[in-house]
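The values are calculated or read from the model by the stated rules, or taken from the named source; none is laboratory data. Being a predicted model, the structure only gives us computed values, none of them experimental. Positions of Cβ are generated from backbone atoms using ideal geometry, with glycine treated the same way; all protein chains shown enter the neighbour counts. Remember, those area values only see protein heavy atoms, side chains included, never the ligands or the DNA or RNA. Shrake-Rupley method; radii C 1.70, N 1.55, O 1.52, S 1.80 Å.
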Amino acid sequence: MRSAAATRNAGVNAKATLLNNGTINLYSGTRPVTADTALSGNTLLATLTFGATAFAAAVAGVATANAITQCSSAAAGGTATFARLLTSGAAAVADVSVGTSGTELIINSTTIVAALIVQCSSLTLTEPDGP
């Protein structure tokens, strides 16, 4: 199915709204098959926080995050391999790729050091146009 831009925007805006006042949990280890899959052997490295309006309105099926509050003290050290996006009530919305470039979530370094600052420079959510 190939969706119109307005349809893709509506889909991604709905997901983005779920993340208002939510969090981004950075994890090490193997990324689960889906965001509904329980974590297994993953270590929570750091938690960043979305603002009251987490994302700007989508354009062409892509929503870009507004400012994300940094983690002022990482919970543990390790290599960030993925992030789980959570509602303000801690329900999983999505898992995203993490890296310093070319991924959905861009962070200052994938090497997380316990008790140090972790920052996010960008995050986008995309509603694909067909297969």
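Here is how the numbers come out for the structure above:
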quantity	calculated
Pairs where the first residue, in the stretch 95-122, is without any contact (Cβ under 8 Å) to a residue 24 or more places away in the chain and the second is open to solvent by 60 Å² or more (accessible area, probe 1.4 Å) and in a strand (DSSP E or B), C-beta under 6 Å, 6+ apart	Ile106/Ser121
Scan of the stretch 66-75 for residues that are open to solvent by less than 20 Å² (accessible area, probe 1.4 Å) and over 13 Å from Gln119 (Cα atoms), ordered by number	none
Which numbered condition Ala4 misses (of (1) surrounded by fewer than 16 Cβ atoms within 10 Å (Cβ to Cβ); (2) without any contact (Cβ under 8 Å) to a residue 24 or more places away in the chain; (3) within 20 Å of Ser121 (Cα to Cα))	(3)
Hits in the stretch 76-94 - residues which are open to solvent by less than 60 Å² (accessible area, probe 1.4 Å), hydrophobic (A, V, I, L, M, F, W, C), closer than 18 Å to Thr43 by Cβ and in contact (Cβ under 8 Å) with a residue 60 or more places away in the chain	Leu85, Leu86
Count - residues of the stretch 89-124 that are in contact with a Phe, Trp or Tyr (Cβ under 7 Å, 6 or more places away or on another chain) and of a type in the set (A, V, I, L, M, F, W, C)	2
Test: Thr37 is in contact (Cβ under 8 Å) with a residue 60 or more places away in the chain and either over 15 Å from the mean Cα position of the chain (by Cα) or over 14 Å from Thr87 (Cβ atoms) (or both)	no
Counted residues, the stretch 87-131 - those being more than 12 Å from the chain's Cα centre (by Cα) and either assigned to a strand (DSSP E or B) or within 14 Å of Cys71 (Cα to Cα) (or both)	12
Members of the stretch 9-64 found to be in a strand (DSSP E or B), closer than 19 Å to Ala90 by Cβ and either hydrophobic (A, V, I, L, M, F, W, C) or open to solvent by 40 Å² or more (accessible area, probe 1.4 Å) (or both), listed by number	Ile24, Leu26, Leu44, Leu45, Ala46, Thr47, Leu48, Thr49, Phe50, Phe55
